[in-house]
Amino acid sequence: MIRPGRFADCRSFFCGNRGWNLSILNTSSLKEDVMRHNRSRVDVCDASAARRLKAACLALAFLFVGASAVFAQDIDDDGYTDVQELNPYILCPPVTGRMITSPIYSRSPLIQRSIALSGAAIAVPNGVPNRFLNVPDWTIECWINPATATQTGTLIEHTVTATGRDNFVLGLANGIPYVAFDNIAGTIRYTAGGNPLWDVPIPANKWTHLAGVFDPANDTLELFVNGVSYRAQWTPATFDPIGRCAVGAGVARLGVGVSGFIDEVRIWTAARTEDQIAGGKDLFGAGVLDVVPDGADLVAYFPFDDGGFTAEDYINRLDWAYDLTPVTFTTNRFVNVSGDLDVDGDEIPDWWEDMFFAGNADPDLDTDGDGLTNIQEYELGTNPKAQDTDNDGLRDGNEDNDGDGLPNSREITLGTDPLDPDTDDDGLSDKQEVDQNLDPTDSIHPYVMRYIHNDGNGWISVPAYVEGEDDNGSRFDLDAWTVEAVVRLDEVPTSDVVLVRRTAEPGYVTFEIGVGSNMLPYARFESDLGEEYKVEGFVHIETNEWVFLGGKYGAAAREDHGQLAVFQNGTRAVRDTTDILPALGPQQGDVIIASNLVGDIDEVRIWQTAIADEEIRLRMWKSLMFGTDIAEMGALDLNGEGRMTRLNTADPGILATWTIEAWVKSTTPGVVIAREAQRADDDEILYNYNLGISPGGVPYALFDVNDYLYVFDPAPHHSAYWRWGTAILSGGTVVTDGEWHHLAFSFDGNLALLFVDGVAEATFTLANSTGATYSWHLLPDETFEKFYYAVPAHIRATAAGNLVVGEGLNGLIDEARIFNVARSQQAIQDSMYTKAPAAGLVSYFDFDDVELIDDIRVPDALNKTSRGLAGVMAEGATLTSDMGDNAPLQISPLEVIAPKMAAYLPFDDGRWTNRVGSASTVEDILYAGELGYSGGLMPSTANIDYALYSSTNVFYPGNPYAGNEGALRYPASFFIPYDMPWRIDADADDMPDIYEQYYWFDPNRSESPDNRDIMSLADFDGDGLKNLHEYYSGTDPTFHDSDGDGMDDGDEDSDGDGVPNRDEQALGLHAGRIDTDDDGFTDEEEALV
């Protein structure tokens, strides 16, 4: 039955004078379906018929013109009138956030909600026929956010009216969840939950997913908390022999006696598995509605995203007989489930396809030729069958929905959000960044050094729980930690300044660092019994000066005891806390930063482990944004005699096909990576594969193969010999020059290739033995002339042996990788400068764990965390202790250290001050672009906000010559803030990080062998000025004529001292200073002398 009074007369729709041309909708075959259904009020059970009906109803909406009273009609009861959804330009501006939404689907527009629970029961209609009449096995689930941790009541229940016995119950007892039912006879009540299965209350004011499952076939009753099963199981004899679960006509209710919020209520007439519950709890309709329109065994589903007067049952959409009433919706608290009804899986919801196409639409087709594909039209909320949805004379692709100056079609091409003027929320609009050749999707491009200023009344609130990502807040639930921040106090506080604090239920501190009213820094935590452990520094902090503060708890690597320590500019005070743990468990509230601070804070870091003291000191005045030396990156250090071995292991095993890769920096020949196999008849070692450097300094690749089995003397007295040959490929580039080179050796079973710096330098084909030199282990002589017969073989050396790395080399090896597939040249080139795992990776030595001295981790190919297979150092081989001495990878240091961090807020992302809703956030760079992890500036930016270091002038860089072809918008100069405590040049190439990041250079590396044009002493644009001197002169290193006056930048005189830039460069002068050495004589005067 369709909702009475909401869709009783299709003719009441009013489309207005900007309504669509009816030719865009095919209504002729659908009109009778609607009228027939409207007259008979029969249920539509067939899914395809239901979709056809919905499309027909929508189509007829465009056929009739009604009176102005239609403005009050709201068919789907989502809080928006049908006119607002169908034709929002009658009521400008649009009120739904999209240009067009569906009037018959209450999740369009999607505004996620939950409903409030007050303790009063909310009845769940049984429906016709009664869907709860006979439910012998079941699953019931919901998300609950209780007002307190001591709630007692039922969340979902069905009680049989005739007997008063419970068919199913999911509830709370003093905050402790349970699931229960009564047997048919009423003599036994079965319960799962409470002692000993789950005996702690769920946290207040936090979302927790609960589910109950009764599976009589397996004699189990299970409680699930956040997808994890707590099972109670009985033998069949312990169940009532005349029946299991009380069934019959009754009353289903929600929220009896419970206060708080509830979301995503689902009732199933089947027992679901742990995988199904855990995998579906964060998905709309548990994921089943995407593929099964009626939800299969899902008989009641309330996502509470519809709004309006009632809560719609999405198993019986548009039928008020199944709705919940009365309910109180809220948009302030909800569970962020993903997905929608999308039967064909094309990422366009069914409601939108029904609305415009009466069925499936091709997402990649531009149906109306307006420059937008159908899926893009859906994302923008425009009409896929009208080139100009709002009839303003502009095609939809040429519209600028967010008003940032970029057309929709251009934004889609760029990957920016056409509904957001500043996609990366860095303070520059997308248009400004595009005009300046910046990345509008990267909040630190351009890189602008900022910090946070607080007037004492603000604070930063970092969410502990991120719905659908970190539902349990586990990233801050740390039994060992390091917390760091840089702070500058404007005045002496009257009470403790909390720089960073995390609190566990019921209110005990897991970690906290701060500054006391005595101006001494401190670090502290509380145990799970509330006992405080605290250590203070011993040097009073000065006002108006930056100070690095940190605290850590736990035993770091190479430290044999637990400790609580506070760090002040690298100096520590410590307290022994061996065998004491901080309070752990569910988090109470958000992580708080900068509370009670009158002053400034920067570089907040929370680590998931106790960092070694020397690492803290190494990084304390270095931003983690740039510089590979701040990452835990090293290399295998070899002395000409040492090596690393992994003894006779079958993992990764002898390989039939392979790719062997490594970065090498050596001055001598030797083995890079080799896998020993059996020995030949002359007792020489055979190799499954061997990659190295020959005595001539060029790379080689080899493997052993036999061609014949030679048999001597007739049987039974005979002897046999394999004639083993070593196939040797030789490169042409000398690599013993003390520079980094990438070597790779691939074999697909027939074709072998040797690569040097990504280029193939030698090949060999096994089938015809061409392209390589053979070295025979048993040389042909007169003995072979007397053999009885020979058997063709071509068998490679495959016996198990040792893995050897670096034998004979004097230098470094880094990023050694072994694949069980032959990789293409393109694949090798694409990954040689990265750490990204690739298909077929079976062993990976990254040599980055500098905390390990005697062995090396071999990370798992997928997550690089397994320490299961280790190489053993021998004969003086070690790991480098210099973190900066490693392969020239094109990576951010955060890619290396992020797995050890829980949060990183450098406050360099900025904010778009003209935007509502996002103007008060700070980005956690570990989760760049994910707003759920962003912190909030509380209570408002009037109290706490971003600030710029003094002398910074690159916030809005601009160049009056930007219209010149090829020229970027560049700042006239890049001033370095005089009050900034951070290192400004991470790779020490004399070009500041700001400058390198702005011009797409690499602030992490001074050497760039893959692109030498971006090095400081290279001339990228060929104008006679090296990149470093372009920085000095304030010109554009990517374009030869920055100001467009027809003169190359090298011939300009940027500082007006009479000496052209190119000459200043040659003389070692500064092209941006009239008097380079500040001795009172201009550069021109000194040059003439």
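Some observations on this one:
- Counting the residues of the range 1071-1089 that are in contact with a helix residue (DSSP H, G or I) (Cβ under 9 Å, 6 or more places away or on another chain) and among the hydroxyl-bearing types (Ser, Thr, Tyr) gives 1.
- When each of ARG605, ARG617 is tested for being free of Cβ contacts under 8 Å to residues at least 60 places away in the same chain, of a type in the set (Lys, Arg) and under 26 Å from MET519 (Cβ atoms), the lone residue that passes is ARG617.
- Residue pairs whose Cβ atoms lie under 8 Å apart, separated by 6 or more positions or on different chains, with the first residue in the range 375-404 and in the same structural domain as THR416 (by TED's automatic domain parsing) and farther than 16 Å from MET355 by Cα and the second surrounded by fewer than 21 Cβ atoms within 10 Å (Cβ to Cβ) and of a type in the set (Lys, Arg), are ASP404/LYS431.
- PRO506 surrounded by 21 or more Cβ atoms within 10 Å (Cβ to Cβ) and either free of Cβ contacts under 8 Å to residues at least 24 places away in the same chain or not aliphatic (A, V, I, L, M) (or both): no
- Condition check for VAL916: of a type outside the set (D, E, K, R) and either assigned by TED's automatic domain parsing to the domain that holds ASP426 or modelled with pLDDT under 80 (or both): yes
- Condition met for PRO463 (in contact with a Phe, Trp or Tyr (Cβ under 9 Å, 6 or more places away or on another chain), buried (at least 18 other Cβ atoms within 10 Å of the Cβ), more than 15 Å from ALA902 (Cα to Cα) and modelled with pLDDT under 95): no
- The range 1008-1054, residues that are touching a Pro at 6+ places or on another chain (Cβ under 8 Å), crowded, with 18+ Cβ neighbours inside 10 Å and at pLDDT below 85: SER1008, GLY1034
- All told, VAL448 falls short of being within 25 Å of ILE944 (Cα to Cα), in a strand (DSSP E or B) and in contact (Cβ under 8 Å) with a residue 60 or more places away in the chain.
- Residues being acidic (Asp, Glu) and either crowded, with 23+ Cβ neighbours inside 10 Å or in contact with a helix residue (DSSP H, G or I) (Cβ under 6 Å, 6 or more places away or on another chain) (or both) - total across the range 363-392: 3
- Pairs with Cβ under 8 Å, 6+ apart, first in the range 897-911 and assigned by TED's automatic domain parsing to the domain that holds LEU478, second of a type in the set (S, T, N, Q) and at pLDDT 85 or above: none
- Being closer than 16 Å to THR220 by Cβ, in the same structural domain as ALA278 (by TED's automatic domain parsing) and at pLDDT 90 or above is a property that LEU197 lacks.
- Total residues in the range 593-621, condition surrounded by 22 or more Cβ atoms within 10 Å (Cβ to Cβ), aromatic (Phe, Trp, Tyr) and closer than 17 Å to ARG983 by Cα: 0
Each row is one residue, and each column tells you yes or no for (1) touching a His at 6+ places or on another chain (Cβ under 8 Å); (2) in the same structural domain as PRO521 (by TED's automatic domain parsing); (3) under 21 Å from ARG501 (Cα atoms).
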residue	(1), (2), (3)
PHE567	no, yes, yes
ARG575	no, yes, yes
ASP579	no, yes, no
ALA583	no, yes, yes
PRO586	no, yes, yes
GLY599	yes, yes, yes
ILE606	no, yes, yes
ALA610	no, yes, yes
MET620	no, yes, yes
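- Test: residue in the range 617-638 that is part of a strand (DSSP E or B) and over 30 Å from ARG817 (Cα atoms): no
- Within the range 397-421, considering residues that are of a type in the set (Gly, Ala, Ser) and under 17 Å from ASP364 (Cα atoms), the one surrounded by the fewest Cβ atoms within 10 Å (Cβ to Cβ): GLY415
- Identity of the residue in the range 312-346, over 27 Å from LYS206 (Cα atoms) and aliphatic (A, V, I, L, M), that ends up farthest from the chain's Cα centre (by Cα): ALA321
- Complete set of residues in the range 507-524 that are of a type outside the set (Val, Ile, Thr) and touching a Ser or Thr at 6+ places or on another chain (Cβ under 6 Å): SER517
- Test: residue in the range 928-937 that is at pLDDT 85 or above and surrounded by fewer than 19 Cβ atoms within 10 Å (Cβ to Cβ): yes
- The range 1053-1089, residues that are part of a helix (DSSP H, G or I) and without any contact (Cβ under 8 Å) to a residue 24 or more places away in the chain: ALA1066, LEU1067, GLU1085, GLU1086, LEU1088
- Residue list for the range 1007-1052, filter: under 29 Å from ASP830 (Cβ atoms), among the aliphatic types (A, V, I, L, M) and assigned to a loop (DSSP other than H, G, I, E, B): MET1015, LEU1017, ALA1018
- The numbered conditions (1) modelled with pLDDT under 85; (2) surrounded by fewer than 22 Cβ atoms within 10 Å (Cβ to Cβ) are all true for ALA1066 except (1).
- Residues located in the range 643-656, provided they are in a loop (DSSP other than H, G, I, E, B), at pLDDT 70 or above and surrounded by 16 or more Cβ atoms within 10 Å (Cβ to Cβ): LEU655
- Complete set of residues in the range 377-402 that are within 25 Å of LEU428 (Cα to Cα) and modelled with pLDDT of 90 or more: ASP396, GLY397, ASN398, GLU399, ASP400
The values are calculated or read from the model by the stated rules, or taken from the named source; none is laboratory data. Only a predicted model underlies this, so the values are computations on that prediction, with no experimental measurement involved. Methodologically, a virtual Cβ is constructed for each residue, glycine included, from the backbone with ideal geometry; neighbour enumeration extends over all protein chains shown.
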